[in-house]
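Here is the structure we will look at.
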Amino acid sequence: MTVPTGRFSAYWERRLDKLEEKERRRAQQLPGWRNRRHRRPLAVVLVAGDLVLVAGAANFAVGDAWVFPVLWLGGIVVGGSAFVLLRTLTGLMCGGFSRLLDEREREWRHRVTYTAYQILSYLMIIAVLYCLLIAQAQDGGARGAMMLAALLVTGTTVPSVLLGWSLPDDDPEDFEEAIGHA
């Protein structure tokens with residue numbers, strides 16, 4: 001069964017146009033926050049949230065009444081909030097379609113994605129070693145799964161942390177042009 005390429009490409013064009021419009025609206029959100037002074041503290045909060053997740057996973061025990069749930073949920077809420085804000089403030093560079101990015105943004109995304117991939121690979125090696133070390137311990141499988149999940153979440157936030165920390169401040173004229181076209 002073949003898919004008619006005309007209909008398929010037309011569908012994707014419409015979809016990308018919708019995403020482009022959504023991106024234009026989102027680009028107008030929080031214009032005063034799009035600088036290093038606001039992004040860097042969020043990057044630190046996100047890293048702290050990730051570390052709390054890892055600490056929760058390290059303290060996981062089946063039947064644990066409060067340590068794991070408090071750490072895990074705290075890490076998710078704190079890290080998740082910072083993650084969403086950073087994604088907005090960095091212009092969805094680490095997850096947007098290439099068509100929606102200019103050359104500078106594409107270059108930043110490629111650099112950050114490559115570095116994040118390497119970091120995620122190392123985190124997965126650490127997770128495997130942790131699983132091997134605790135395999136014979138009580139609840140070893142569940143503890144290993146929790147650590148794997150925590151390190152995977154940590155690895156997926158790396159692009160946003162790197163962009164939030166290292167992106168230069170946006171040019172205020174870009175926002176004046178964006179608001180003028182709206």
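The values are calculated or read from the model by the stated rules, or taken from the named source; none is laboratory data. Remember, it's a predicted structure, so these values are computed and weren't measured experimentally. Here Cβ is always computed from backbone atoms with ideal geometry, including for glycine, and neighbour counts include all displayed protein chains. Each accessible area value is taken on the protein alone, full model and side chains, heavy atoms only, with ligands, DNA and RNA left out. Shrake-Rupley method; radii C 1.70, N 1.55, O 1.52, S 1.80 Å.
Phe8: at pLDDT below 90, loosely packed, with under 14 Cβ neighbours inside 10 Å and among the hydrophobic types (A, V, I, L, M, F, W, C), yes or no? In short, yes. For segment 53-64, the count of residues that are open to solvent by 60 Å² or more (accessible area, probe 1.4 Å), free of Cβ contacts under 8 Å to residues at least 24 places away in the same chain and within 16 Å of Met147 (Cα to Cα) is nonzero.
Looking at segment 1-96, the helices (runs of 4 or more DSSP H) lying wholly inside it that each contain 2 or more residues that are hydroxyl-bearing (Ser, Thr, Tyr) sit at 5-27, 67-89. Just a yes or no: is a residue in segment 130-139 assigned to a helix (DSSP H, G or I), surrounded by 15 or more Cβ atoms within 10 Å (Cβ to Cβ) and touching a residue at least 60 places away in the same chain (Cβ under 8 Å)? No: segment 130-139 contains no residue that is assigned to a helix (DSSP H, G or I), surrounded by 15 or more Cβ atoms within 10 Å (Cβ to Cβ) and touching a residue at least 60 places away in the same chain (Cβ under 8 Å). On inspection, Val45 does not qualify as under 30 Å from Gly140 (Cβ atoms) and either in contact (Cβ under 8 Å) with a residue 24 or more places away in the chain or open to solvent by 30 Å² or more (accessible area, probe 1.4 Å) (or both). For segment 149-157, the condition holds for at least one residue, the condition being that it is farther than 30 Å from Arg34 by Cβ, open to solvent by 30 Å² or more (accessible area, probe 1.4 Å) and either touching a residue at least 60 places away in the same chain (Cβ under 8 Å) or of a type in the set (Val, Ile, Thr) (or both).
Just one of the listed residues (Leu86, Leu123) is at pLDDT 95 or above, of a type outside the set (Ser, Thr, Tyr), closer than 19 Å to Ala43 by Cα and touching a helix residue (DSSP H, G or I) at 6+ places or on another chain (Cβ under 8 Å), namely Leu123.
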